[in-house]
Amino acid sequence: MPADLLARSRFVVSPLHEVSAAITLLGRPPNVPWQRAFYSAHRAAYDAMLADHPVRATLLHSAFRGSTANRLGWMADFLTVAPERPGMSFQEELDVIAREWDDARVLGDLWEVGHQSPAEILQAPGVHRELLALLEWVWTATVASDWPRRERVLQADIVSRTARLASGGWAAVIPELSARWSWLPDGQLVVSRHDIPPRDLRDALSLSFVPVHSPGTWVSWRLPTHYALAYPVGGALADTGSPLGDGLAKLVGGNRARVLRELSAPHSTTQLAALTGLPIGSVGGHLRVLLDAGAVLRRRSGREVLYWRTELGDALTST
């Protein structure tokens, strides 16, 4: 991998990749509690949508090869389009697929996945339009309402990985992203155990590492310039649904409100003390109360613990 490309590599949040992750979770038996909760909340509506739109159902059935309950397998490229820049909205990413794909390209991708001609129902005009409608439905029905919480969890993961990168370099970070990935001494990044030749990234403009709410990993690209590697986010168990209990009443007070207002992005106790001018011990006490009230979440990043607001915390700061 070229050194200059590695220097430009970055962690990126991708709403479209979250849609792809949602599709993988809805298409397989759930394994852990947070997956079961998502599956139970959305599977019935998802099945009903696919029953009403057989082209979409057949498209999804054809878009995966070699998947099992414990392994993601091979995904069609149109489900894993690499983001061209950080900070893209879902609509901006969807617009890329609308602009750069068409019926012929979708069918060609399905042929590569299945090594055979796509099903007859997919060969009628409009499969590209059905793909766009499918992705938009999954975003609107299963991801969009939870996006503020998801984005905070994804951003917290990125903060944690970036801190690890600063201390240990990519050789330390890559194995933590996936047990299947490895960094070789000659500068090669191994991300697949399939018998496929290495890909030369000397002409690439960007390489993004994308955390997703999915147990699987995947590689995506927009040839020949943009590449991305998706990996399971840490902290997916974070819960923002804490009920309003007695702890919320303890939030009254200016200093505690100052701490909460600073947590729109993840911060450590030390950072919060610097931002608010409060003693570290005082900040720690306020954070414990905010945690009890369900107004903030936390996760470890190296030697530090990061805190950020939940939806409840957002609501409190907006009043």
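Just a few scattered comments:
- Protection proxy ranking of 283-290, 97-104 - average other beta-carbon atoms within 10 Å, highest first: 283-290, 97-104
- Rounded to the nearest 20, the size of the Cβ-charge dipole of the stretch 261-319 about its Cα centre is 200 debye, with Lys and Arg at +1 and Asp and Glu at -1.
- Residue-normalised accessible area of the stretch 67-170, given per residue in Å² at a 1.4 Å probe: 46 Å²
- Element breakdown for the stretch 55-148 at a 1.4 angstrom probe: carbon and sulfur atoms account for 52% of the accessible area.
- Per-peptide average of other Cβ atoms within 10 Å, ordering 253-265, 11-23 highest first: 11-23, 253-265
- Taking 0.36 nm per residue of separation and subtracting the Cα-Cα distance, full extension of the segment from Gln271 to Ala48 would add 75.5 nm.
- Hull-based mean projected area of the stretch 63-153, where the convex hull spans the alpha carbons, in square nanometres: 7.2 nm²
The values are calculated or read from the model by the stated rules, or taken from the named source; none is laboratory data. A quick note: this is a predicted structure, and the numbers were derived from the prediction, not measured. We place every Cβ from the backbone using ideal geometry, glycine too, and count neighbours over all the protein chains shown. SASA here: full protein model, heavy atoms, side chains in, ligands and nucleic acids out. Shrake-Rupley method; radii C 1.70, N 1.55, O 1.52, S 1.80 Å.
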